[in-house]
Amino acid sequence: MSLLDVEALHVRSADGRALISDVSFSIGAGARLGLIGESGSGKSLTALAVMGLLPAGMHASGSIVLDTGATPATEIVGAAERRLNGLRGRAMTIVFQEPLTALDPLARIGRQLAEPIARRRGLRGGALRRAVITALEEVRITDVDRVARAYPYEISGGQRQRVAIAMALACEPALLIADEPTTALDVTVQAEVLALLDALVSARGMALLFISHDLAVMAGISDRVVVLKDGHAVEAGAVRDIVTAPRHPYTRSLVAAARRLGGALDTLTRTAP
Amino acid sequence: MTAPILEARQVGFAYRGSPATLADVSIGVPAGRAVALVGESGAGKTTLLHLLLGLKRPTSGQVLFDGNVVEPRDRAWMRTFRRHVQTVFQDPYSSLDPRQRVDRIIAEPIHSLGLVRRGGSRAETAQRVAAALDVVGLPEDAARRYPHEFSGGQRQRIAIARAIVCEPRVLLADEPVSALDVSTRARIVDLLAELRDSRGLTIVMVSHDLAVVATLCSYTAVLERGRIVEQGDTAQVLGSPRHPYTRRLIAGVPRLP
């Protein structure tokens, strides 16, 4: 039995258009799966369906079973909001592309981070403050005291995403969903945040569902990958096989475009001393 | 080496009461080449592009076009300048007026620059618009449609058609492909390369994407915190980077196995 089993997932819009059609995949405990595709392929919608967070009016059918071992296995599709609330944060959590959407602009970082930690671990006072500091240190924020007292607008985009990751990890979820978590970041910051995610996921034995449009980013963090196009899973397999020997014509065109764009840079930098 | 078509000489820029956004920036853009301004957010790339476009006045130093100082306050001069120097922005969703048909959007520079005589033939304008659409690879019937009917890549083609309709010599583009999917991105890069080669169009492109820069641009300037830390032929700058910041930028690019 896997941690997450998605079976024949369909999502329709309010006016009946098929947005996701017959998508199936599973993730074992501690495993890493990527969803790759271009805009409109349904990758973010799949993540929202797993979280039970589909926008009002959209209708999901099929099956999404989450079984963390700690809580009884739950069918997400059609589950009551109260049931889902018990799972979100604790069993599974999500980090979005834009960290500002995950942070309250009017609350200091320390206070925002304290909330899930207090709820999950029942800490207060000095112990809670120390746990917040530790959580910030874990995501390798250097000036912890300043960041803890800062409002979201007072810290950089990279720091905000680190804070969003710290909040996501505060409840020690079994499954972390990361939806384009580094797309809004500068390239050097992206590299740091990816390395951080990689290390934290390994250290905690979390399962990872990673969503990206960027094959190279995906290849660095994921083991297996599902290629989505217009809501259909067109190909699935080990990420290395997909980028070196894509079978489906769409995957082939995707890999070819990425290689062609990256080719000039590779040629230049390969000759570098 | 021929004189640059567009040049920044020891340019500085600061918003009132703020520390300098740009300090002592000098760069010459040779005619007919594609030049990249690279760096991370806050490095001053877009500010430099705005100075080169004459949208802002440098606090110190000068911007020159064909050896003449760009003077944003001189409207008549700017009109001639704008005829030769056009721009494309990053987001093809916010840079096109959603209430205008594509032909009116593309014809806008023709009207505002007075390139077709007042009361002059509509046919002449239509002809120019059709030619521009053809150059960017859009069908003729695109002219009568609205922006929302097009994908991101097609919209960026419309923005490029608008920029080249008055046959400018220089195209300044701010992250023109960052908002696009990878396959679309490759095709727009191809289009820009074709415009450079077939029309001798000079391109100055702001980009954080070194893969795109290596593909399109033969000259690269690297900005960090408002200063150019390294500039030269792209093969040199990216192939044998001298500055540690350039090396960090290159090392950060994710690679396919």
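No value in this document is a laboratory result; all are computed from the given coordinates. None of these values were measured; they are calculated from a predicted model. Positions of Cβ are generated from backbone atoms using ideal geometry, with glycine treated the same way; all protein chains shown enter the neighbour counts.
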Item to check | A:Gly34 long-range amide H proximity, modeled H, under 5 Å | outcome: A:Phe210, A:Asp223, A:Arg224, A:Val225, A:Val226
Checklist entry - In deg cm²/dmol and to the nearest 500, what is the mean residue ellipticity at 222 nm of chain A if only DSSP H runs of at least 4 residues count, each as -39500 (n - 2.57), divided by the residue total? => result -13000 deg cm²/dmol
Checklist entry - Using the Cα gyration tensor of chain A, with a ≥ b ≥ c the square roots of its eigenvalues, what is the shape: rounded (a/c below 1.5), prolate (a/b larger than b/c) or oblate (neither)? => result oblate
Checklist entry - Mind checking the dipole of segment B:6-251: about its Cα centre, +1 per Lys or Arg Cβ, -1 per Asp or Glu Cβ, Debye to the nearest 20? => result 700 debye
Checklist entry - Does anything in segment B:196-221 have its amide N under 20 Å from the 7 Å Cα→Cβ label point of B:Asp24, and if so which residues? => result B:221
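Quote the charge dipole size of segment B:83-192 about the Cα centre in Debye, to the nearest 20; the model charges only the Cβ of Lys and Arg (+1) and of Asp and Glu (-1).
Using only the charged Cβ atoms, the result is roughly 420 debye.
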Next on the checklist: For a test of the definition: using alpha carbon positions, the gyration tensor, and the 1.5 limit on a/c, classify segment B:1-144 as rounded, prolate or oblate.
Outcome noted: prolate
Checklist entry - Which net charge results when you count Lys and Arg as +1 and Asp and Glu as -1 among the other residues whose beta-carbon is under 15 Å from that of A:Ala233? => result -2
Checklist entry - Leaving out same-chain residues fewer than 8 places away, which lysines sit with a Cα under 29 Å from that of A:Lys229? => result A:Lys43
Checklist entry - Among the lysines, which have Cα under 16 Å from the Cα of B:Lys56 when same-chain residues fewer than 8 positions away are ignored? => result B:Lys45
Checklist entry - Under 5 Å between amide H atoms, partner at least 5 residues away or on a different chain: which partners does A:Ile177 have, H built in plane at 1.01 Å? => result A:Thr93, A:Ile94, A:Val95, A:Leu209
Checklist outcome for this item: Filtering trypsin sites (Lys or Arg not before Pro) in segment B:25-134 by DSSP loop and by at most 11 other Cβ atoms within 10 Å leaves B:Arg73, B:Arg99, B:Arg117, B:Arg118
Next on the checklist: Report the per residue volume, in Å³, of the convex hull enclosing the C-alpha atoms of the protein assembly as shown.
Outcome noted: 172 Å³
Checklist entry - Once you sort the root eigenvalues of the Cα gyration tensor of segment A:3-158 as a ≥ b ≥ c, which label holds: rounded (a/c under 1.5), prolate (a/b larger than b/c) or oblate (the other case)? => result prolate
Next on the checklist: Could you check the spin-label model distance between A:Thr267 and A:Met58? Points 7 Å from the Cα along Cα→Cβ, value in nm.
Outcome noted: 4.1 nm
Next on the checklist: For a quick size check, give me the Cα extents of chain B along its three principal axes, largest first, whole Å.
Outcome noted: 55, 50, 38
Item to check | Length added when fully stretched, B:Ala131-B:Arg83, from 0.36 nm per residue minus Cα-Cα | outcome: 15.6 nm
Item to check | FRET efficiency, 1/(1 + (r/R0)^6) with R0 60 Å, evaluated for B:Val116 and A:Arg146 via beta carbons | outcome: 0.55
Item to check | Positive-end residue of A:Thr183, A:Ile221, A:Ile141, charge dipole of chain A with Cβ unit charges | outcome: A:Ile141
Checklist entry - Using θ = phi - 60° and the Karplus form 6.51 cos²θ - 1.76 cosθ + 1.60, what ³J(HN,Hα) does each residue of segment A:54-71 get, whole Hz, x for Gly and Pro? => result 4, x, 4, x, 7, 10, 9, 9, x, 9, 10, 10, 10, 9, 8, x, 6, 10
Checklist entry - Out of segment A:177-273, which trypsin sites (Lys or Arg not before Pro) are coil in DSSP terms and have no more than 15 other C-beta atoms within 10 Å? => result A:Arg247
Checklist entry - At 222 nm, what helix-only mean residue ellipticity would chain B give, in deg cm²/dmol to the nearest 500, using -39500 (n - 2.57) for each DSSP H run of four or more? => result -11000 deg cm²/dmol
Checklist entry - Could you state the principal axis extents of the C-alpha atoms in segment A:100-238, from the largest down, to the nearest angstrom? => result 51, 29, 24
